[in-house]
């Protein structure tokens, strides 16, 4: 089951079909009733119905782009006894000595190196690089072509926009948004919008 039938959800389903070609894939989305299919996958219920569909034969990936909503729904499902597997595209390169939390999705050609820890419900998007010993909290979104040098720490629910680069050893707090194309060379406190080259905090959020 994939929660969220938007564009991100479609990519998640596509990865799942590549990894598990014999598994039945379906969507849950609050547009159920007006939305019946996403490509060739059916939409079978709304988000709340997920809690009624938990069983030993089903796994759930929360494919909601909003970090807080994804975090909340993943926690609800796990607390209710659901299984949320780690999903990795076949072309992703992930060290066997990295740790990935439940419900994390690793997109095509992404790299996660030795010693990295990635929390639950994270998105490591297309061609992103998470170098050695990085620490990512829960529900972090590393957008396409982001590069994290070694020993970077990122708090829960933060988003790093497309093409962002982060210098080694940098700490980025929770609930941070880094604008696309930024170069992060100084620590960024929690609950901030930051962008630029170099990235500076523009707004507390």
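For this structure, a couple of remarks:
- Residue 68, sole failed condition from (1) in contact (Cβ under 8 Å) with a residue 40 or more places away in the chain; (2) under 24 Å from residue 25 (Cβ atoms): (2)
- Residue match in the stretch 52-59 (condition: in a strand (DSSP E or B) and in contact with a helix residue (DSSP H, G or I) (Cβ under 7 Å, 6 or more places away or on another chain)): no
- Scanning the stretch 148-164 for residues that are surrounded by fewer than 21 Cβ atoms within 10 Å (Cβ to Cβ) and over 15 Å from the mean Cα position of the chain (by Cα), we see that the one that is nearest to residue 67 (Cα to Cα) is 153.
- Selected residue (criterion: surrounded by the most Cβ atoms within 10 Å (Cβ to Cβ)) from residues of the stretch 55-73 that are out of contact with any strand residue (DSSP E or B) (no Cβ under 7 Å at 6 or more places or on another chain) and closer than 26 Å to residue 156 by Cα: 71
- Number of residues in the stretch 135-147 that are touching a strand residue (DSSP E or B) at 6+ places or on another chain (Cβ under 7 Å) and closer than 19 Å to residue 67 by Cα equals 8.
- Taking the numbered list (1) within 17 Å of residue 189 (Cα to Cα); (2) in contact (Cβ under 8 Å) with a residue 24 or more places away in the chain in turn, residue 144 passes all entries but (1).
Just so you know, all these numbers are worked out from the coordinates, no wet-lab data involved. From a predicted model like this one, the values you see are computed outputs, not experimental measurements. Note that each Cβ is placed from the backbone with ideal geometry, even for glycine, and that neighbours are counted across all protein chains shown.
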